[in-house]
Amino acid sequence: MTNDTMNDPRDYIADLRALSPEALEGLGVNEVAYVKQVRADDGEGSTTAAWAIHAANGEALAMAATRELALASIVQNDMEAVSAH
C-alpha cells in the first residue's frame, strides 16, 4: 500500500498487525529513546537517584545523573525523547 491510498486509519492498523514480532520490536529503535528514574549503586554501599536511557525496544543505552542530562543526551543523538513512569 502506498501513502496515497492509505486514507482510512484502519489501513494503518491492518499494516501494523501484519508486522512480524521482530519488525515490531525494531520500530523506533534508532529514533525514540525513553528515560526512567532508577536507583543506582554509588559504589560505596548506598544508592542514589539516576536516570536510565533506553531504546524503544527496552535496550539500556546509558545512565545520567539528572533528567535534564538524560534528555539532552537523547536530543544530542538525534533521537526523540519520551518519559516512562
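Observations on the structure shown:
- For the stretch 47-85, filtered to residues that are among the β-branched types (Val, Ile, Thr) and in contact (Cβ under 8 Å) with a residue 24 or more places away in the chain, the residue that is farthest from residue 30 (Cα to Cα) is 82.
- Residue match in the stretch 22-36 (condition: modelled with pLDDT under 80, at negative phi and loosely packed, with under 11 Cβ neighbours inside 10 Å): yes
- Checklist (1) surrounded by 12 or more Cβ atoms within 10 Å (Cβ to Cβ); (2) under 29 Å from residue 22 (Cβ atoms) applied to residue 58, failing item: (1)
- Residue list for the stretch 63-85, restricted to those being over 23 Å from residue 22 (Cα atoms), surrounded by 15 or more Cβ atoms within 10 Å (Cβ to Cβ) and among the small types (Gly, Ala, Ser): 64, 70, 73
The values are calculated or read from the model by the stated rules, or taken from the named source; none is laboratory data. The structure displayed is predicted, hence computed values, not measured ones. Neighbour counts are summed over all protein chains in view; Cβ atoms, including those assigned to glycine, are modelled from backbone coordinates with ideal geometry.
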